[in-house]
Amino acid sequence: MSGVSRFSTLPFGLNAVVAAPEGDRSGRARFVLALLALSLVVVAFISVTTGASEASALGLIRDWFGGGQDAALSARDRLIIYDIRMPRVALGMLVGAALAVSGALMQGLFRNPLADPGIIGVSAGAGLGAIVVIVLSGSILGPMVALFGIYALPLAALLGGLVMTLSLYRIGTRGGETSVATMLLAGIALAALCGALSGILIFMADDRQLRDLTFWGLGSLGGATWVKVMAAAPFVLVILATSPFLARGLDALALGEASARHLGIPVQKLKTTAILSVAAATGAAVAVSGGIGFIGIVVPHLLRLLIGPTHRYLLPASALLGASLLLLADAISRTIVAPAELPIGIVTAVFGAPFFMWVLLRRRGLLDL
C-alpha cells in the first residue's frame, strides 16, 4: 500500500492516517515527543527538590557536579533526596509510564477509547493477587514469599492481572470478533468478584495488614524504596520494550482483524504479546503503588486528539506524558494537605473521572450498549 490513505470511519472518531508513512501530524508528533521528554526531566527535577527539606535545586546541582564544600548538601538533605525522593520519583515514572502505555495498548487492541486496565477490571485482578500475598504471607504463602523475595508481590499481582485479562478477552471474543460491550460488562462483573474475594481476605487480616491495605488500596508512592523500584522495573520494561514492535500492527488492527491479516499482520501473536505486556506492567504497577486510576484513559485520549492515533508516536508519547502526570499528581498529593499526604489515587480520580465522563458522553454513539 503506497501513498496517503485516509479513513473517515476508524475508531476513536478520528480521521486517521493509517497507511501513510508520514502523515500530516508527524512533524507535530516529533515536536510533542521532544517537548514531553523535556517536560518529564523538568517535572522530575522539581519533584526531587520540592518538599520539607531546605535543599535547593542549585545546591543539588552543585552537589552533583562537585561544586565544593560550601555547596555540599547536609547529611540530612542527602538522605532525604537520595533515599526518599529519588526512589519515589523513579517509581512514579515507572508506574505512570506503565499505566499510560497499558491504556494505549488496550484501546488499540479493543479499538475503543474506553478500554483501560482499571475500567475493565484488570487492576482489580492484579490487586486481588497482591492482597493474597499481603494477607497470607505469614501463613500458607510464607514459603513462596521466602522463595521469590521482593518479587513475590509483583509476581502475584502479575498473575492476577494476567488471569483477568485472558478471561475478559475470552469472554468478549466470539467468532474472531471482540465485543467491547461484552468486554466492559464482563469486566464489571469480574471486578466485583475480585472485590468480594478481596473483602474476604481483608476480613482475615490483622490490624497492621488492615492499615497497609487501606492506604495501599487508595494508591500511593509514599513507601517508595530502591528495592521496590528494582522489583517493578523489569516488568515495566517489558511493556516499554515490546510496545514499539506492536505499533504497526495496532495501526492495521484499527481497520479490523480481517484487514490486518490481509496486510500481513500476525493478529493472534499481536494480541497475545499485547495482553501479556499489559498484564505484566499493570500487575507490577498495582503491586508497588496500589490502585491508581484514570491514567490509562486520560493520557492516550489526550494524545490522540493532539498528535493523532498513529501508535508509532502514541506509545512513546503515552509513556512520557503518563510519567509526568503521575509525578504532578504525586506532588499535589504531598502538598495539598501538608504535612499529611493525600493518597495519589484520590488525586487522579478527582481529575480523571470528569474527563472519563466527557469521553463517555462524547463517544456514547459508538458504544453498542
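Spot the failing condition for residue 335; the list is (1) modelled with pLDDT under 90; (2) buried (at least 24 other Cβ atoms within 10 Å of the Cβ), and only one is missed. For residue 335, the exception is condition (2). Annotation: residue 135 fulfils all but one of (1) assigned to a loop (DSSP other than H, G, I, E, B); (2) more than 23 Å from residue 102 (Cα to Cα); the unmet one is (1). Could you tell me whether residue 127 is in a helix (DSSP H, G or I) and either of a type in the set (Phe, Trp, Tyr) or within 17 Å of residue 290 (Cβ to Cβ) (or both)? In short, yes. When only residues in segment 306-338 that are polar (S, T, N, Q) and over 13 Å from the mean Cα position of the chain (by Cα) count, which is farthest from residue 101 (Cα to Cα)? That would be 335.
Could you tell me whether residue 19 is at pLDDT below 70, surrounded by 15 or more Cβ atoms within 10 Å (Cβ to Cβ) and touching a Ser or Thr at 6+ places or on another chain (Cβ under 6 Å)? Answer is yes for this residue. So residue 150 fits all but one of (1) under 20 Å from residue 271 (Cβ atoms); (2) in contact with a Lys or Arg (Cβ under 9 Å, 6 or more places away or on another chain); what number is the exception? The single condition residue 150 does not satisfy is (1). For residue 303, the conditions (1) farther than 26 Å from residue 129 by Cβ; (2) not in a helix (DSSP H, G or I) are fulfilled apart from (2).
Per-residue answers, yes or no, for (1) under 16 Å from residue 107 (Cβ atoms); (2) crowded, with 17+ Cβ neighbours inside 10 Å:
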site	(1), (2)
325	no, yes
343	no, yes
350	no, no
356	yes, yes
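Where helices (runs of 4 or more DSSP H) fall entirely within segment 141-242, those with at least 2 residues that are surrounded by 16 or more Cβ atoms within 10 Å (Cβ to Cβ), out of contact with any Gly (no Cβ under 7 Å at 6 or more places or on another chain) and among the small types (Gly, Ala, Ser) are at 152-172.
Being of a type in the set (D, E, K, R) and either under 28 Å from residue 271 (Cβ atoms) or at pLDDT below 90 (or both) is a condition met by no residue of segment 88-107. Could you tell me which residue of segment 243-260 is surrounded by the most Cβ atoms within 10 Å (Cβ to Cβ), considering only residues that are at pLDDT below 90 and of a type outside the set (A, V, I, L, M)? It comes out as 257.
The values are calculated or read from the model by the stated rules, or taken from the named source; none is laboratory data. Since the structure is predicted, the reported quantities are computational estimates derived from the model, not experimental observations. No Cβ is skipped: glycine too gets one built from the backbone with ideal geometry, and neighbour counts run over all protein chains shown.
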